[in-house]
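The values are calculated or read from the model by the stated rules, or taken from the named source; none is laboratory data. None of the values given here were measured: they were computed from a predicted structure. As a convention, Cβ positions derive from the backbone with ideal geometry for all residues, glycine included, and neighbour counts pool all protein chains shown. Note: areas computed on protein heavy atoms with side chains; ligands, DNA, RNA excluded. Shrake-Rupley method; radii C 1.70, N 1.55, O 1.52, S 1.80 Å.
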Amino acid sequence: MTLRVMTYNILRGGLPMPGAKPREEAIAEVIRSANPDIVALQECVGFEAPGAMENWAERLGLQYNILGVVAPYEDGYCYNVTVFSRFFLQKTAEFRQKPFQTGGVFVRAETPLGDVEICNLHLHAFNEDERIAEVKAVLSTPSASTSRILLGDFNAISARDSYPIETPEFERRFDVTRAIEAAGFVDLGAGAGMTHPSPAKADHDRKMPRRIDYVFASADIAAHPHNARVIRGGQADVASDHYPVVVD
């Protein structure tokens, strides 16, 4: 009885950065190589276009999909969140306005572990106080199932990882991850390694490694034997500025 979940920020939906090549096929190859049952994607720019979700579902070999369309960012792009799955999905809630800078989507799936609610989140990119407000909104949302997985790009760091006292590239605060753990969730990816940045050309100049992509689970799911890994190297070095996290 196993379930493989994956979270991956795909950097503007695979659109080419200035001076770089398109990355859609590299992204798809990274996902296919992991062979997830459920994959949560962030920064799915352009996935709201007619036929885009169906095309990606075929490309990934994952039949069922849910799109969470978010409000346009200041650059005009919609940094959508999506879920692709081997199992039928039902959308139960979504976040696309204040207090969210980007957004999130709740889906429900009947999995080998039973009825599970999965929440794919993309939290505020720059401010821990804003992220706390977003997390509070998520944790206060009525659950469609007692078994829950929270995953995505949280843009927050964890005290379970080692960081220097001086972190000029980001806030050295652990409020978000501590709040999620205080709500009873278990950090399944702890110890798997940093997830950002990769060597890929991106729209920022951050260099300091950090773990900001997470898979948290309710205690009943976390009680199952599990292992986590961060996919690095090969196409993962060029597909996105984030490395994906995979948990069995």
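Taking the range 197-216 as the range and being open to solvent by less than 30 Å² (accessible area, probe 1.4 Å) and in contact with a helix residue (DSSP H, G or I) (Cβ under 8 Å, 6 or more places away or on another chain) as the test, the residues that pass are Ser198, Ala200, Tyr214, Phe216. Taken as a whole, the structure places Ile180 among residues that are in contact with a Leu (Cβ under 7 Å, 6 or more places away or on another chain) and open to solvent by less than 60 Å² (accessible area, probe 1.4 Å). Residue check: Glu48 meets all listed conditions (1) out of contact with any Leu (no Cβ under 7 Å at 6 or more places or on another chain); (2) surrounded by fewer than 20 Cβ atoms within 10 Å (Cβ to Cβ) but one, namely (1). The requirement of being in contact with a His (Cβ under 6 Å, 6 or more places away or on another chain), of a type in the set (S, T, N, Q) and surrounded by 14 or more Cβ atoms within 10 Å (Cβ to Cβ) is not satisfied by Thr92. Given the criteria surrounded by 22 or more Cβ atoms within 10 Å (Cβ to Cβ), among the β-branched types (Val, Ile, Thr) and modelled with pLDDT of 95 or more, does Val186 qualify? It is false that Val186 is surrounded by 22 or more Cβ atoms within 10 Å (Cβ to Cβ), among the β-branched types (Val, Ile, Thr) and modelled with pLDDT of 95 or more. When the test is whether a residue is in contact with a Pro (Cβ under 8 Å, 6 or more places away or on another chain), aliphatic (A, V, I, L, M) and open to solvent by 40 Å² or more (accessible area, probe 1.4 Å), Met6 does not pass it.
Scanning for something touching a residue at least 12 places away in the same chain (Cβ under 8 Å), under 18 Å from Ala239 (Cα atoms) and not aromatic (Phe, Trp, Tyr), does the range 65-75 turn up at least one residue? Checked the range 65-75: no residue is touching a residue at least 12 places away in the same chain (Cβ under 8 Å), under 18 Å from Ala239 (Cα atoms) and not aromatic (Phe, Trp, Tyr).
Pairing residues of the range 93-106 that are within 13 Å of Asp153 (Cα to Cα) and touching a residue at least 60 places away in the same chain (Cβ under 8 Å) with residues that are open to solvent by less than 10 Å² (accessible area, probe 1.4 Å) and polar (S, T, N, Q), at Cβ distances under 9 Å and at least 6 apart in sequence or on separate chains, gives Thr102/Gln42; Thr102/Asn80. When Phe106 is tested against the conditions (1) in contact with a strand residue (DSSP E or B) (Cβ under 8 Å, 6 or more places away or on another chain); (2) under 23 Å from Gly233 (Cβ atoms), the lone failure is (2). State yes or no: is Ile118 modelled with pLDDT of 95 or more, closer than 13 Å to Ile180 by Cα and in a strand (DSSP E or B)? No.
Do the conditions hold for Cys78, that is, is it crowded, with 24+ Cβ neighbours inside 10 Å, out of contact with any His (no Cβ under 9 Å at 6 or more places or on another chain) and assigned to a loop (DSSP other than H, G, I, E, B)? So Cys78 fails the test. Being of a type in the set (Val, Ile, Thr), outside any strand (DSSP E or B) and under 18 Å from the mean Cα position of the chain (by Cα) is the filter here, so list the residues in the range 143-178 that pass it. Within the range 143-178, Ile157, Val176, Thr177 qualify. Counting only residues that are among the polar types (S, T, N, Q) and surrounded by fewer than 17 Cβ atoms within 10 Å (Cβ to Cβ), the range 134-154 holds 4 of them.
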